[in-house]
1. Looking only at residues in the stretch 349-384 that are charged (D, E, K, R) and closer than 22 Å to Pro273 by Cα, which one is surrounded by the most Cβ atoms within 10 Å (Cβ to Cβ)?
2. Among helices (runs of 4 or more DSSP H) lying entirely in the stretch 27-121, which contain 2 or more residues that are hydrophobic (A, V, I, L, M, F, W, C) and either out of contact with any Lys or Arg (no Cβ under 9 Å at 6 or more places or on another chain) or surrounded by fewer than 19 Cβ atoms within 10 Å (Cβ to Cβ) (or both)?
3. For the stretch 310-339, enumerate the residues that are free of Cβ contacts under 8 Å to residues at least 40 places away in the same chain and either closer than 27 Å to Pro271 by Cβ or of a type outside the set (A, V, I, L, M) (or both).
4. Give the residue that is nearest to Glu68 (Cα to Cα), with candidates limited to residues of the stretch 361-402 that are of a type in the set (S, T, N, Q) and assigned to a helix (DSSP H, G or I).
5. Looking at Val257, Val269, which is the one that is outside any loop (DSSP other than H, G, I, E, B), farther than 22 Å from Val55 by Cβ and either in contact with a Gly (Cβ under 7 Å, 6 or more places away or on another chain) or assigned by TED's automatic domain parsing to the domain that holds Leu99 (or both)?
6. Helices (runs of 4 or more DSSP H) wholly in the stretch 195-243 with at least 2 residues that are modelled with pLDDT of 95 or more, under 27 Å from Asp356 (Cα atoms) and not aromatic (Phe, Trp, Tyr) - which ones?
7. Working only within the stretch 307-348, note down all residues that are charged (D, E, K, R) and either within 15 Å of Val41 (Cα to Cα) or exposed (fewer than 15 other Cβ atoms within 10 Å of the Cβ) (or both).
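The values are calculated or read from the model by the stated rules, or taken from the named source; none is laboratory data. Since this is a predicted model, take the numbers as computed values, not measurements. Cβ coordinates were reconstructed from backbone atoms using ideal geometry, including for glycine residues, and neighbour counts include every protein chain displayed.
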Amino acid sequence: MKKLFLILVTVFAAFFMFGCDDKGEKELTMLWWSDGTEGFVMQTLLNRYEQETGVTITLVSTPYNEYEQRLATMISGGQAPHLARVTEGHLNNFQEQILSLEGVFEQDEFKNLFFNADGDVIALPMDITANGLFVNLDLLDKYGVNYPELGDPVWTWTEFETEMNKLRDKEDVTAPGIFDHQAHRFMPLFYQNGVQLWNTPYTDSNLKSAKAVATLQKLMDWYDNGFLSDQTYIVKNSASEFRKGTYGFHMSGNWNVSAYQNLTFDWTVVPMPKGDNRATILGGKSMAAFANSGAEDEAKDFIEWLSEGVNHDQFTNGVPYLTPRLGAEVNYGPFAEQYNVFLDEIANTENVYITDWLNQVMIPGMYPIINLLVQNAADPNNTKTALQLLTELETELKGIMD
């Protein structure tokens, strides 16, 4: 009798290990991180999907700074998530483990698609991001800092620095501003100064050009003289620092428009300064399904459902983000003014820079490499010149592609 009982317990446990509920449906997992309210919004969609289909999808929230490592560990351990929120970097680094979505949704209805080496689309775009400049209006107005609004003549980086320096040495100001620690918050400055990273992708670059060196040197000077706070490399979360209200500006991305809804000070988004021209960097998040998860078809079914206009727009309207869905109806509500600044940055970015950045993100492991560049630039103990740092960057990027 005891033996029979053990057999029944084993069978019962195995049943649940395969992720089935009492309706016989598989339970899926979705790996996720949130910058603002999007986790809550996705959960409302998952609740409705379960009501409509009976399929349960569990949201597994992970801090972004642990996200890629956790995804890599799950894949290498044979426990890939069924679904995951992914960046272009994730799509590039894990594309061999990500399922093709050919025929799953109408590709013509979306922009910012990502394809694998076989030319198959491998993710459903969920939002488009762009870099931009957040400012603390309380501090700027208190200390007479002049700044342009959308439609005004765009300031230069020299004018920007002059104005923000009015915040120096004030007892309620930690530093004039803060950049995110991720390097792609700095990279638009190359484009704004007319530096295209690649003439011929992965063989001929402009990373050692005089303009590129001068651009990186400017960043190094800003950290050396305290114009930018190096606190970002301690907390690895510049948004949490900006929330304190002791910085004049924060260089980040449009997702913080929703994340900053409850700040204790007045803030807005203003046009980024320009050098030779205006430019931003486009990015975005997507939904991907993974091979060897045990529920590949069910994961694709969810992505097909998510791609439908009413469902996809519910996500964008709830967050809100810049939508990649053509013809979408998105109500940006009280933050329409801020989102219009980001849309204007995108509209004023030349296609040559958009293409150049897409070439850049195709380099496997590119993000940690460029992150090290700006970390070294901010390091007070760094002894290398801007040219040496850029030379090392070029060598490493080319070596990967070789």
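1. So the first thing to find is which residues in the stretch 349-384 are charged (D, E, K, R), and the list is 350, 356, 379, 384.
This time we only want the ones that are closer than 22 Å to Pro273 by Cα, so: 350, 356.
Values: Glu350: 14, Asp356: 22.
Checked the stretch 349-384; the qualifying residue surrounded by the most Cβ atoms within 10 Å (Cβ to Cβ) is Asp356.
2. 38-53, 64-76
3. Asp313, Asn317, Ala328, Glu329, Val330, Asn331, Tyr332, Gly333, Pro334, Ala336, listed by residue number.
4. Asn371
5. Val269
6. 210-224
7. Correct list: Glu308, Asp313, Glu329, Glu337.
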